[in-house]
Every structure is written in C-alpha cells, then in structure tokens.
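I have placed the structure first, in the form of structure tokens, so that the comments after it can refer back to it.
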Amino acid sequence: VTTFALKDLLVVPLIRQSTVVGVLHFDDTTRAGPITPDQVVLARTLATQVALAIDNARLYAAAHARLAQAQGQLEIAGSLNSSLELPELLGAIARQAARACGMDRCSIYLLEDDRVVPTMSQYADGRVDRELWRRFKGLGRMRAEEIPFVAETVRRGGPVVFLDPYADPLVPQSMRVF
C-alpha cells in the first residue's frame, strides 16, 4: 500500500453550472500548521477558475468537432459536384462521410426496384482491402428482407443504431465481417 504521509489535505469541488465536474486535491507533507481560511478561500477561487477553464476547453473541443463535421459536409457537398461518374462520386462520398462521422468505413447500398445492391464501401483513410471488397460486391442483388438491418432502416425511414451488431438478429451472420 502506498502512503503519502499527509499532514494537511484540502479537497475542493470543481463546480460548473451546479454540477461537480471534478475535484482539486491539495496536500502538504511538510507544513507544521493547519490549513488556513485564506488558503480555503484561495482554493475555492482557483477551483471556480479551473472549472470554467475545463468547461471552456470542453466547449472548444465540441466546437472543433462541429467544425470538422461541417468541413466534412462541405467536402461531401463539393464531391457531389465534382464528378458525374457514379462510382467515383460514391467513393468520394463514402470516404468523406466515414471521416465526417468519425467512423472507420462507410458502405452504400442502393435500392433498385425491390432489390438492395451493394454499391460502394470505402475506408475513411482511403486504404483498400480487396478481399473485403470482393465479399461486399459478392453479396449481389438481394431483397431488402435478406438484409434485415436495411429492411428495418427502410421501414423506419430513419437511422437505426446497433450497439452490439454481433448479437443483434437484424444483422445477418454472413454480413458481420463487413
């Protein structure tokens, strides 16, 4: 067991908008006297400033993330006008969409008549996995019901989140490698 031989200890909460977001821990192993009221006041003042600095840093990080997302959306919008060749266009969109969403890869399935067609799959960083691409394209044209997660997304008309795709019955066993 590690001991710190503390003689004095002052712990002050970091409070931001009525929520404790952390603590400042002050300790002293050499002081002979007790912590003074002036030290407590100073520690509280510092804690207020530290909590504000943490909040500002978090706001800055969130704004930076929103900026990156907006830049990703602008890149996608630029891609929409950059090519009339569908494979080239969808490749650029898939890469930039994956990047903008902070995901590793984006795959695009197009609906043609009553069939789902695996059309494009790109890694955000542009790397290529030829075997994975071969298996993706090898899925071929299927009815939406054959890809339950696609059918569910179409049915809802909105996003569907799968927190554990390996355990979810809407994700076919054969597709869990994608």
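In table form, for the structure just shown:
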item: Test: residue in segment 101-119 that is loosely packed, with under 10 Cβ neighbours inside 10 Å, farther than 30 Å from I15 by Cβ and small (G, A, S); result: no
item: Test: residue in segment 62-72 that is at pLDDT 70 or above and touching a Cys at 6+ places or on another chain (Cβ under 9 Å); result: yes
item: Residue check, L74 in contact (Cβ under 8 Å) with a residue 24 or more places away in the chain and surrounded by fewer than 13 Cβ atoms within 10 Å (Cβ to Cβ); result: no
item: Residue in segment 155-173 that is over 16 Å from Y109 (Cα atoms) and among the β-branched types (V, I, T) present; result: yes
item: Failed condition for P169, given (1) in a loop (DSSP other than H, G, I, E, B); (2) at pLDDT 85 or above; (3) within 19 Å of A94 (Cβ to Cβ); result: (3)
item: Restricting segment 122-150 to residues that are more than 25 Å from D164 (Cβ to Cβ) and open to solvent by less than 40 Å² (accessible area, probe 1.4 Å), the residue that is farthest from the chain's Cα centre (by Cα); result: G140
item: All helices (runs of 4 or more DSSP H) inside segment 51-158 with 1 or more residues being closer than 22 Å to S174 by Cα and of a type in the set (V, I, T); result: 148-156
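The values are calculated or read from the model by the stated rules, or taken from the named source; none is laboratory data. Computed from a prediction, not measured in an experiment: that's the story for all the values here. With ideal geometry, Cβ positions are generated from the backbone for all residues, glycine too; neighbour counts draw on all protein chains shown. The protein model used for the area step is the full one, side chains on, heavy atoms only, and it has no ligands, DNA or RNA in it. Shrake-Rupley method; radii C 1.70, N 1.55, O 1.52, S 1.80 Å.
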